[in-house]
Amino acid sequence: MKKPLHFAHELVQAVVKKGDHVVDATCGNGHDTAFLADLVGAEGQVYAFDIQPQALAAAKKRLLAGNLLKQVELLEASHAEISKWPPGPLAAVMFNLGYLPGGDHALVTKPDTTVSALQIAVERLKRGGIITIMVYTGHPGGQEEYRAVRNYCRSLPQQAYTVLEYKFINQRYHPPLLLAISCM
Ligand SMILES: C[S@@+](CC[C@H](N)C(=O)[O-])C[C@H]1O[C@@H](n2cnc3c(N)ncnc32)[C@H](O)[C@@H]1O
């Protein structure tokens, strides 16, 4: 069976085309940003948010190495700042919650700002577009964030959005899980 992150990539890959505009809401070390930049190609645009300069610097290095920086705008800002978002429409928005691997584990995504950013993402999503949210519950605050995000996702009207939760339910130690929102 596919791991949740692998499944998230498959869902995004099935939707995003060359020339599309997409958002990485939690850039971190830039793995998802590079993945998205490759999908949209040189004629597309990726907007990548992070509040940590250290994360954006690592992402920039990765993008340069892959010759992918041209189609990426790295934004040192919170994903909850609506004015920093592109006007849309967006084909995909990826969230990878929690802390920066190799960084300060106390600096994590927070329920309020994550849900605000999700609301913006849903508003900007084009028909057929997808939002993926990788959720981690093992760190302090992780369970609360999961509850808030899941509640928000469950509140979306089924006439307009399809929402899934993908997780392994027999694993110990808080395995990561995926929530995904597809706009019909
Ligand atoms: C799990 S990491 C992301 C990993 C990333 N997808 C990668 O491929 O390396 C979560 C990131 O979210 C960032 N973050 C936390 N709060 C944020 C916010 N309000 N807006 C944007 N990014 C935020 C953290 O700085 C951290 O780099």
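Before moving on, here are some points about what is shown:
- Close contacts from region 124-143, counting a first residue that is closer than 18 Å to A91 by Cα and among the hydrophobic types (A, V, I, L, M, F, W, C) and a second that is more than 16 Å from the ligand (Cβ to nearest atom) and assigned to a loop (DSSP other than H, G, I, E, B), with Cβ to Cβ under 6 Å and a gap of 6+ residues or different chains, come to I130/V15.
- Among the residues of region 2-21, those that are out of contact with any Gly (no Cβ under 7 Å at 6 or more places or on another chain) and not in a loop (DSSP other than H, G, I, E, B) comprise P4, L5, H6, F7, A8, H9, E10, L11, V12, Q13.
- Flag for L97 being in contact (Cβ under 8 Å) with a residue 40 or more places away in the chain, surrounded by 23 or more Cβ atoms within 10 Å (Cβ to Cβ) and in contact with a helix residue (DSSP H, G or I) (Cβ under 9 Å, 6 or more places away or on another chain): yes
- For region 29-51, a residue qualifies if it is in a strand (DSSP E or B) and away from the ligand (no atom under 13 Å from the Cβ), and exactly one does: Q45.
- Subset of region 79-94 [modelled with pLDDT of 95 or more, surrounded by 15 or more Cβ atoms within 10 Å (Cβ to Cβ) and touching a helix residue (DSSP H, G or I) at 6+ places or on another chain (Cβ under 6 Å)]: H79, A80, W85, L90, A92, V93, M94
- Residues that are under 13 Å from the mean Cα position of the chain (by Cα) and either within 14 Å of T26 (Cα to Cα) or loosely packed, with under 15 Cβ neighbours inside 10 Å (or both) within region 121-135 comprise A121, I131, T132, I133, M134, V135, listed in sequence order.
- Residue check for T109: under 15 Å from L177 (Cβ atoms), touching an Asp or Glu at 6+ places or on another chain (Cβ under 8 Å), touching a residue at least 40 places away in the same chain (Cβ under 8 Å) and near the ligand (Cβ under 10 Å from one of its atoms): yes
- Top-ranked residue of region 1-28 - restricted to ones that are away from the ligand (no atom under 15 Å from the Cβ) and of a type in the set (G, A, S), ranked as farthest from K70 (Cα to Cα): A14
Condition check ((1) more than 16 Å from the ligand (Cβ to nearest atom); (2) of a type in the set (A, V, I, L, M, F, W, C)) across all residues:
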site: V122; (1), (2): yes, yes
site: K126; (1), (2): yes, no
site: G129; (1), (2): yes, no
site: Y136; (1), (2): no, no
site: G141; (1), (2): no, no
site: E144; (1), (2): no, no
site: Y152; (1), (2): no, no
site: A160; (1), (2): yes, yes
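- Residue in region 160-179 that is over 20 Å from L5 (Cβ atoms), under 17 Å from the mean Cα position of the chain (by Cα) and not in a strand (DSSP E or B) present: no
- Hey, T114 at pLDDT 95 or above, crowded, with 16+ Cβ neighbours inside 10 Å, part of a helix (DSSP H, G or I) and within 11 Å of the ligand (Cβ to nearest atom) or not: yes
- Picking from residues in region 52-103 that are among the small types (G, A, S) and assigned to a strand (DSSP E or B), the one that is nearest to the ligand (Cβ to nearest atom) is A92.
The values are calculated or read from the model by the stated rules, or taken from the named source; none is laboratory data. All of these numbers come straight from a predicted model, not from anything done at the bench. Every residue, glycine as well, gets a Cβ built from its backbone with ideal geometry; the counts of neighbours run over all protein chains shown.
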